[in-house]
Amino acid sequence: IHSRAVYHKKGKLRGMVYEYLERYTFKKADLLVAVNDATRDHFAKKYPYYRDKIITIPIGVDMTQFQPGEKTHLRNRWELDNDDKVMLFVGRLEKEKNLTFLMDVFKQVKQRIPNSKLVIAGTGRDEEDLKAYARENDITDVIFTGNVPNGRVPGLMNCADVFTLCSLYEGSPTVIKEALACNVPVVSVDAGDVKEVIGDLDGCFVAEHTVKDFSAKVITVINQNLTYDFRHHIDVYKNENMFARLLDVYNRLDRSR
């Protein structure tokens, strides 16, 4: 629901302009594809006259690229020790990703698990502010990797003991499915379709948007130190399945002309 991000980051005037353009674009479209059911329902309620042309096709994941790897070897590449307990975030360093909250969570985790580290992979407008926040709040062992080429992200995923997401809003966050494809457990707030993807998975948690609850769930995952097989659960989301559904949509539209 991108208008929320525009209002949040650009202000009321630009948000209103965006919504006007959104409404105009929706009118021109033959079909609207939402990335999750909540987004579909939101727009069906907002634009009831377009309800019948809104469908859901989730974001897919490249299961051939994102696979489980040998953690010790991969950690050596990222200069992480074998006994480190690694929390990982991968994404844009922007306001909506709520990364000061994640660092507050990590500070609580580190008090209970001293050999824990937080790896924040990505770049964005908030990068320097986030580094300053860590310094000012005495949050140590936060590693900012900067930009990570796409080909190296699967290896970094496999270094993690837990993948974390605490965004203020999301659509269908691909990184959640990518972590699961690498058999990495996830702790996330309820954003986008996260609950649909991980809600019934042992070893993964949907956390409340509080430091206390989120940190407690991260600590639980790290202390369990279990091996998981999440890949079979997200097989339905692999790119080939999503591509087939999208191609079917185009074929049906073509036949209806």
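The values are calculated or read from the model by the stated rules, or taken from the named source; none is laboratory data. Every value quoted in this text rests on a predicted model; they were computed, and no experiment measured them. Note that we place each Cβ from the backbone using ideal geometry, even for glycine, and neighbour counts take in every protein chain shown. With ligands, DNA and RNA removed, areas are computed over all heavy atoms of the protein, side chains included. Shrake-Rupley method; radii C 1.70, N 1.55, O 1.52, S 1.80 Å.
Of the numbered criteria (1) open to solvent by less than 30 Å² (accessible area, probe 1.4 Å); (2) at negative phi; (3) out of contact with any Lys or Arg (no Cβ under 6 Å at 6 or more places or on another chain), the one GLU170 fails is (1).
Residues of segment 84-115 that are open to solvent by 90 Å² or more (accessible area, probe 1.4 Å), at pLDDT below 95 and either in a loop (DSSP other than H, G, I, E, B) or among the aliphatic types (A, V, I, L, M) (or both): ARG92 alone. The set of residues from segment 147-165 being out of contact with any strand residue (DSSP E or B) (no Cβ under 8 Å at 6 or more places or on another chain) and not polar (S, T, N, Q) comprises PRO149, GLY151, ARG152, PRO154, GLY155. Scanning segment 31-56 for residues that are without any contact (Cβ under 8 Å) to a residue 60 or more places away in the chain and of a type in the set (Ser, Thr, Tyr) yields TYR47, TYR49, TYR50, THR56. Return the total of residues in segment 241-257 being of a type outside the set (S, T, N, Q) and touching a residue at least 60 places away in the same chain (Cβ under 8 Å). Counting residues in segment 241-257 that are of a type outside the set (S, T, N, Q) and touching a residue at least 60 places away in the same chain (Cβ under 8 Å) gives 6. Between a first residue in segment 16-30 that is open to solvent by 100 Å² or more (accessible area, probe 1.4 Å) and a second residue that is of a type outside the set (Lys, Arg), which pairs have beta carbons less than 8 Å apart while being 6 or more apart in sequence or on different chains? Every condition considered, the pairs that remain are LYS27/TYR50.
On the basis of being surrounded by 14 or more Cβ atoms within 10 Å (Cβ to Cβ), basic (Lys, Arg) and assigned to a helix (DSSP H, G or I), does ARG75 make the cut? Judged against the criteria, ARG75 is a match.
Kindly establish whether THR164 is part of a helix (DSSP H, G or I) and at pLDDT 90 or above.
no
Restricted to segment 31-50, and to residues there that are more than 21 Å from LEU253 (Cβ to Cβ) and out of contact with any strand residue (DSSP E or B) (no Cβ under 7 Å at 6 or more places or on another chain), the residue that is most open to solvent (accessible area, probe 1.4 Å) is LYS45.
Residue-by-condition table, conditions (1) out of contact with any Phe, Trp or Tyr (no Cβ under 7 Å at 6 or more places or on another chain); (2) hydroxyl-bearing (Ser, Thr, Tyr):
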| residue | (1), (2) |
| --- | --- |
| LYS10 | yes, no |
| LEU13 | yes, no |
| VAL17 | yes, no |
| LEU31 | yes, no |
| ALA34 | no, no |
| THR39 | yes, yes |
| TYR50 | no, yes |
| ILE55 | yes, no |
| PRO58 | no, no |
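Filtering segment 196-232 to residues that are open to solvent by less than 30 Å² (accessible area, probe 1.4 Å), in a helix (DSSP H, G or I) and either within 15 Å of MET87 (Cα to Cα) or in contact (Cβ under 8 Å) with a residue 40 or more places away in the chain (or both) leaves VAL197, PHE214, SER215, VAL218, ILE219, VAL221, ILE222. Residues in segment 116-150 that are part of a helix (DSSP H, G or I), hydrophobic (A, V, I, L, M, F, W, C) and in contact with a helix residue (DSSP H, G or I) (Cβ under 8 Å, 6 or more places away or on another chain): LEU130, ALA134.
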